[in-house]
1. Around K267, which amide H atoms from residues at least 5 apart in sequence, or from another chain, sit under 5 Å from its own amide H, with H modelled in the peptide plane?
2. Using amide H atoms built in the peptide plane, which far-off residues or other-chain residues are under 5 Å from A228 H to H?
3. Please list, in chain and number order, the residues 5+ apart from V338 or on another chain whose amide H is under 5 Å from its amide H, with Hs placed from the backbone.
4. Ranked by Cβ crowding within 10 angstrom, fewest neighbours first, how are T217, T173 ordered?
5. As a quick test, which of the pairs K219/K416; K297/K408; K219/K371 have an alpha carbon distance above 27 angstrom in this structure?
6. Determine one quarter of the surface area of the Cα convex hull of segment 213-438, which equals its mean projected area, and express it in nm² to one decimal.
7. What list of ³J(HN,Hα) couplings, whole Hz, do you get for segment 214-227 from phi and the Karplus terms 6.51, -1.76, 1.60, once you set θ to phi - 60° and write x for glycine and proline?
Amino acid sequence: MLKENAQLDLQIINLKSQKAELNNLFKYLKSGAEFSDFSPNFEALKDQVFQHAFQQIQNLEDQRKDLLLKYVAESEEVISIEEKIANLKTFVNETVQNTVKQLAIREQTIQHEVDQIDQKLSTFPTRAMDLESYEREVAHNEQMYKQLIEKRTELEIANASDVSFHQVIDYATQPKNTVWPNVPMIYGLIIMFCLIVGTVLSYILYYLFATIKSLSTLKDLSALPILATVFKRKKNQKERDSEFNNIAANLQIWCSKNHDAMKQDGKVIIVSSYASGEGKTFVSKGIAETFSKSGKKVLIVDMDVRRPDLHNHFQTDVAPGVVDLIEKNQKVGIIREVNEYLDFISAGNLEGGTYALLFSMASQSIFSDWKKDYDVIIIDTPPLSMAEEALPLMHQSDLNLIVTRRGKTKRNWMPKLNNLLSTYEIPQLYMVLNAKHRKRNAYYYYSNKAPVGWRAAWSSKLFGTISPR
């Protein structure tokens with residue numbers, strides 16, 4: 001009976017110990033502190049469900065700390081973790097309260113049993129009752145001693161688990177700003193990427209699409225001398241002789257220098273370009289008309305049979321022309337009179353096998369007949385990049401002009417053109433810059449209209465009154 005009473009007393013002590021642990025946990029829950037800083041005595045509680053819930057809360061709190069390093073507290077990820085933590089804390093709180101109530105009921109039941117045993121012991125004789133009381137106290141003290149030793153061991157183990165061999169020099173602080181997305185870094189990377197891409201594209205576009213913009217650029221890129229320039233004509237602007245005065249004057253100087261070597265026959269001038277669209281046909285027609293207005297007998301021939309265009313400038317048909325003259329030996333209707341001093345031969349209709357014949361020795365022999373009847377023969381040939389067959393023909397001419405156009409001729413074409421011309425060793429070769437910009441007020445003194453406005457005021461101060469011519 002004494003052993004039973006001692007065991008019941010030990011059960012009451014264990015229940016009180018569990019109630020004390022639960023009351024401490026309940027107070028900690030009310031404080032709202034994090035569970036990662038608290039370690040309850042699971043051996044005293046002996047509740048697997050509670051242990052699992054407590055460990056889940058600790059894991060979720062660690063996850064929340066990691067998320068706060070990446071997101072703000074108002075983000076959906078952080079709010080979702082906090083909701084889970086709040087639900088588990090509510091569950092743990094209710095579990096602790098229910099467990100405390102159950103322990104109180106269990107304690108009352110055991111105390112009732114102890115009281116019943118004490119009543120039975122009261123019926124024993126005094127000496128026997130004292131002996132039983134002493135034996136009960138000794139057994140109780142022995143059990144209490146063993147339990148305290150076990151508790152001390154558990155406490156030492158728990159304290160040892162919290163000891164770290166690392167020394168904290170500086171505690172980490174939670175940043176006020178978000179780590180990601182790093183807006184300044186993103187903008188910096190975007191700006192750097194745009195600068196790199198822009199630089200690369202600029203070099204690519206410059207190499208592929210950069211064009212000749214000035215006479216100085218043409219001098220730097222070309223190994224050939226530059227004969228003259230042709231000014232750009234605006235849209236809907238009437239044709240003026242002044243556009244070709246420069247090239248006509250230089251051609252007259254060239255003719256005078258070479259007059260002794262060619263004083264009996266006419267002079268053959270071949271006009272070509274490296275690619276289409278550079279204005280060789282426009283320059284050919286301008287040179288021919290300028291010479292004809294000076295009283296020279298001029299013949300202009302369109303030998304660009306692949307893409308003939310000269311007949312459109314003279315508003316006539318493309319056939320019959322050079323093709324019919326060489327292939328069929330047709331002479332009637334080939335030469336067409338533009339005016340008293342200017343005749344024109346169109347390209348004609350190209351047929352298979354005729355193109356190679358155009359630039360053969362048979363076609364070159366025609367020059368000798370034309371030189372007897374004309375002072376100047378101007379040949380409009382196809383672009384050199386499309387028809388290298390025209391290059392040998394340049395050896396039979398007295399002057400060869402290569403037309404380049406400002407804003408059209410690519411800079412990367414010039415090395416190819418220089419190599420091509422040096423390979424064939426073309427003689428008497430000169431460059432012509434087409435579509436050069438005319439300065440707005442450079443030649444108003446020689447125009448047909450007197451200057452007006454502020455130009456008239458400055459002109460009167462500098463040169464006196466300027467009247468219309």
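Read-outs throughout are calculated quantities, based only on the coordinates presented, and are distinct from any laboratory measurement. Bear in mind that the values here come from a model prediction, so they are computed numbers and not experimental data. Positions of Cβ are backbone-derived with ideal geometry, glycine not excepted, and every protein chain shown enters the neighbour counts.
1. Excluding prolines and chain starts, which carry no amide H, the hits are V376, I377.
2. L433
3. Amide H neighbours of V338, under 5 Å, 5+ apart: D343, F344.
4. On the way: T217 18, T173 6.
Ranking T217, T173 by Cβ neighbours within 10 Å, fewest first, gives T173, T217.
5. Over 27 Å apart, Cα to Cα: K297/K408; K219/K371.
6. In nm², the orientation-averaged hull projection of segment 213-438 is 11.9.
7. With coefficients 6.51, -1.76 and 1.60, one gets 8, 5, 5, 5, 5, 5, 6, 8, 9, 8, 9, x, 9, 7 Hz.
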